1. Taking only Cα atoms and a 10 Å spring cutoff, compute GNM fluctuations for chain A and point out the largest among A:T340, A:T133, A:T297.
2. Modelling each spin label as a point 7 Å along the Cα-to-Cβ direction, I'd like the A:T297/B:Q82 distance in nm, to one decimal.
3. Count the net charge of all other residues whose Cβ sits under 13 Å from the Cβ of B:G34, scoring Lys and Arg as +1 and Asp and Glu as -1.
4. Taking R0 as 45 Å, what's the FRET efficiency between B:H218 and A:Y206 from their Cβ-Cβ distance, rounded to 0.05?
5. In whole Hz, with x marking every Gly and Pro, tabulate ³J(HN,Hα) for the range A:263-268 from phi via Karplus 6.51 cos²θ - 1.76 cosθ + 1.60, θ = phi - 60°.
6. At 7 angstrom along the Cα-to-beta-carbon line, where would the label on A:Q82 sit relative to the other copies? Give the distances in nm, shortest first.
7. Per the 1.4 Å probe, what fraction of the accessible area of chain A, in percent, lies on carbon and sulfur atoms?
8. What FRET efficiency comes out for B:K263 versus A:Y110 if R0 is 56 angstrom and r is the Cβ-Cβ distance? Round to the nearest 0.05.
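The values are calculated or read from the model by the stated rules, or taken from the named source; none is laboratory data. This one's a predicted model, so the numbers in the text were calculated from it and none came from an experiment. Counting neighbours? That spans all protein chains shown, and the Cβs are built from the backbone with ideal geometry, glycine included. The protein model used for the area step is the full one, side chains on, heavy atoms only, and it has no ligands, DNA or RNA in it. Shrake-Rupley method; radii C 1.70, N 1.55, O 1.52, S 1.80 Å.
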There are 2 protein chains.
Amino acid sequence: MESLRFLIDVALILFAAKTFGIIARKLHAPEVVGEIIAGLIIGPAVIGIVDQSDFISKMAEIGVIMLMFEAGLTTDMKKLKQTGLKATAIACAGVFVPIVLGTVLFMSFYGFGPIGSEQFIKGLFIGTIMAATSVSITVAALKELGKLSSTVGTTVVSAAIIDDVIVIVVLTFVLSAKGSGTSVWTTMLKAIMFFAIAIVSGFVVYKAFKWLDARYEHTRRIPIAALCYCMFMAYVAERYFGIADITGAYVAGVVLCNLHDVKYVERKVDVSSYMVFAPIFFAGIGLKVSFENFNPTFLFFSIAFVFVALLSKIIGCGSAAKLCKFNWNDSLKIGIGMMTRGEVALITAQKGLHAGLITSDYFTAVILMILVSSILAPVLLKVLYKPKSA
Amino acid sequence: MESLRFLIDVALILFAAKTFGIIARKLHAPEVVGEIIAGLIIGPAVIGIVDQSDFISKMAEIGVIMLMFEAGLTTDMKKLKQTGLKATAIACAGVFVPIVLGTVLFMSFYGFGPIGSEQFIKGLFIGTIMAATSVSITVAALKELGKLSSTVGTTVVSAAIIDDVIVIVVLTFVLSAKGSGTSVWTTMLKAIMFFAIAIVSGFVVYKAFKWLDARYEHTRRIPIAALCYCMFMAYVAERYFGIADITGAYVAGVVLCNLHDVKYVERKVDVSSYMVFAPIFFAGIGLKVSFENFNPTFLFFSIAFVFVALLSKIIGCGSAAKLCKFNWNDSLKIGIGMMTRGEVALITAQKGLHAGLITSDYFTAVILMILVSSILAPVLLKVLYKPKSA
């Protein structure tokens, strides 16, 4: 009936990801970096035996959702409450600095314009692309290091969630300045409503799970129901409230994080995740890279773009963390943890393309930023965590 | 970027499948029957909130491949060798009887024709559709009953594998009689070559896994590599040798069934399977059913078709089993275990459609056969196994 091509794609991705993951570990690099490089190598960028098909990208999406759900499940509620305010400050600085530096970067390449001019708005948009953190790679790296539930880990994850909300508000603002998109107030209202509804419904859901848990501890129905809830929240967040699906999945995890059976749930989700979905997500980042449409005139801008994007997050988030009384080492970890970019940056870029703010040439720079940050952040985090464990 | 519809589809399927699975168990019916009915209810046949999308059918395919791989992994090699000859006899009878009765059924509805006539070949084709056992539902039912590695279980699974090979040979014969398709000898040669290559390469693969196992027992790389091997074999079987992908997956499982770490591998594959893929496969059977194109003039034929299809397998395989010195109860179990039909019947019907042997109206009958046999077989097996366990 239908082609079984997807089977061999999945098999190749899993095999390459695991192999390169093991090689990465032998070289004392994080496994997730090996998995991304595996995707880069088997994908169109190098040997091209696997394409980024629709099926693969959907599997990858489930992978990142599972990853963020697990991050939510392993959240320490106390730490989350303690770090909440600090995370907000870090998120704000982590959006502000990249937007300013991104605007300056764009205008120093393509000419300055007064505030409010088309040129200025275009610059602002380039900054907005830089502002969207995608924390999933950091989550994977911290998980590998066993530091996901640490104060630094909790701060980074919650700052990234808040970052997501700020960026969609800023994005709406920039798009409406260009005369397209909805009003900023609607966007803000929807974001606030999402969290309000998530919290209220979360109480009911938590009670329901607690009841299930008391009656049927360690039965399959609990992790399956939890996974359904996670996917439902991911869908609802993006579809009805304009919030990234991974944020919805994380919130679902936080709702269930105090469940008595949470370890059991996390273990079952984790097996499905590492056996199939997560490697597809990581390798998928590499698979997306293609040098086919590479534009050499943009090379210099792309390199500068990546450089500014990475540095601006480290400066913004790092100094905000330092002001929030983290020590130097932890501040740097937070800055580096926040510098990872992912699909949200691509989605943002896509919206700018539709609004006529950028041309498709800029996608090379965005993908390069995703790739470099995804590889660099886990490596740097591992280095920073090393002295303590040694 | 892309719609997240697939997320909510997966969540709905998992939730409905688990819920109806639990209800089925409360009613002392097998869980898998509940999962199929869940698909029927949420699918286009009843309330229609979930469609059988391309993504869902690919996930379902991975589900059935995992299921057959697990069946292979839990194979008892000794029993497989003991039952080999008997299984061959049962498979032959289980193809012969449905083909004869199917031909008679068709001709008694639409007029008799001499041997070799178009009418006769059409009848033969209707019989061939009936002949293709799909053992996955039986595997799931036996697994639920804890009888998958029993003598009856091993016999049914290996008979179904042989059945698959005989049916593709018969199908090629029928299609070539109609003047389309490849030669029977090529088909047979390819089937033999597949098993020859699988056995020879299997030794090498087994050695490689044994080496991995000795060095890295209980590490994730072993189940992941095993899953890759399974998907690779499934792909190769169908793509290059014309054998069903589930047969390839089962053979991959048998190759690894003597591995020291086999239980660990099976457990990891099992979690991924029951958390996501298997419920999608079972519910997917129900999802395929739609009464939209239902043709009332075919109703009577369809009912007769389903009736003959089920009975012919019970008679054919059951009496062959009795002749092979199984007792009455076990013979009946084997007959019922062999009566489940699945995708292979649909693929066969599809090929007949292309060759002009049947019209698309017959699909209703085929889907009805798949649905009824998938629901009936697990229920009857549970009833037959009950007196012993009570």
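1. Comparing A:T340, A:T133, A:T297 in a Gaussian network model of chain A, the most mobile one is A:T297.
2. Once both label points are built, they end up 7.7 nm from each other.
3. Here the count lands on +2.
4. 0.85
5. Going residue by residue, I get 5, 4, 4, 4, 5, 5 Hz, with x marking Gly and Pro.
6. Distances between equivalent label points, in nm: 6.2.
7. Accessible surface attributable to carbon and sulfur in chain A totals 68 percent.
8. For B:K263 and A:Y110, the calculated efficiency is 0.35.
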